[in-house]
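Novice: Structure incoming, see below.
The values are calculated or read from the model by the stated rules, or taken from the named source; none is laboratory data. These numbers were taken from a predicted model, which means no experiment stands behind them. Glycine gets a Cβ as well: all are built from the backbone with ideal geometry, and neighbour counts include every protein chain shown. To get the accessible areas, we keep the full protein, side chains included, count just its heavy atoms, and leave off ligands, DNA and RNA. Shrake-Rupley method; radii C 1.70, N 1.55, O 1.52, S 1.80 Å.
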Amino acid sequence: MNFQTEKFEDSCCPRAEIAEYIDGELPSQEELALELHFANCKICVEELNAQKKVSSTLEILLQEDKDSIELPANFTKVVTANAESNLDGLRSPKERSRALIICVILFLLMVFGFGTESQTVFFAVEKFSEQFLAVSGFVFHLFYALAVGISAIFGSVCHKLIFKSGLMLLLIVGLFVFAFLILSRMVFRFNRT
């Protein structure tokens, strides 16, 4: 940023760096260059004075009201709860349709961006998806076969324990009756209230 080599005219726009100058956030070299610019530009000086007035007025108001402004004890909890509950537009149908349209546009730009290479890209994507589906199918069939094997073993063990042993059959029938009695008591209490 070189302020010294610029031509100064009456049509000078107030500089954006003025607020940084007032706050003391400009590096010393840029601050010096801006001060030299102020010597030649009445418009920027007027803007500087206006921003200083606003800043000092705000400081005075905040100093006066510092003691009179008292926040409730649960202020942060209330603000946080309101901020978390006011997420209305995040999952609206309009937002989803806009996101879908943007994705389609980006996909089309990608296709046109690849140009003649798009056929190669689509071929690679097709091969990847075929391999992904093959691995996914294998994993699904593996877990399916494992579940069928465990259920067959569990069924066989239960059949031998329950139907081959009279004591186990009596225990299961007793548990069933006990569960039925507890359930009927809970329903009775629920209907009474």
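Novice: Given the criteria in contact with a Leu (Cβ under 9 Å, 6 or more places away or on another chain) and either surrounded by 10 or more Cβ atoms within 10 Å (Cβ to Cβ) or not charged (D, E, K, R) (or both), does MET186 qualify?
Specialist: In short, no.
Novice: Could you list, in sequence order, the residues of the range 32-61 that are touching a residue at least 24 places away in the same chain (Cβ under 8 Å), more than 11 Å from TYR21 (Cβ to Cβ) and polar (S, T, N, Q)?
Specialist: Of everything in the range 32-61, those that are touching a residue at least 24 places away in the same chain (Cβ under 8 Å), more than 11 Å from TYR21 (Cβ to Cβ) and polar (S, T, N, Q) turn out to be ASN40, SER55.
Novice: Output the number of the condition that VAL121 fails; it satisfies all remaining conditions of (1) open to solvent by 90 Å² or more (accessible area, probe 1.4 Å); (2) touching a Phe, Trp or Tyr at 6+ places or on another chain (Cβ under 7 Å).
Specialist: (1)
Novice: Only one of these conditions is not met by GLU130: (1) at pLDDT below 90; (2) open to solvent by less than 100 Å² (accessible area, probe 1.4 Å). Which number is it?
Specialist: Unmet condition: (1).
Novice: Another one. Looking only at the range 111-127, which residues are at pLDDT 80 or above and aromatic (Phe, Trp, Tyr)?
Specialist: The one that is at pLDDT 80 or above and aromatic (Phe, Trp, Tyr): PHE123.
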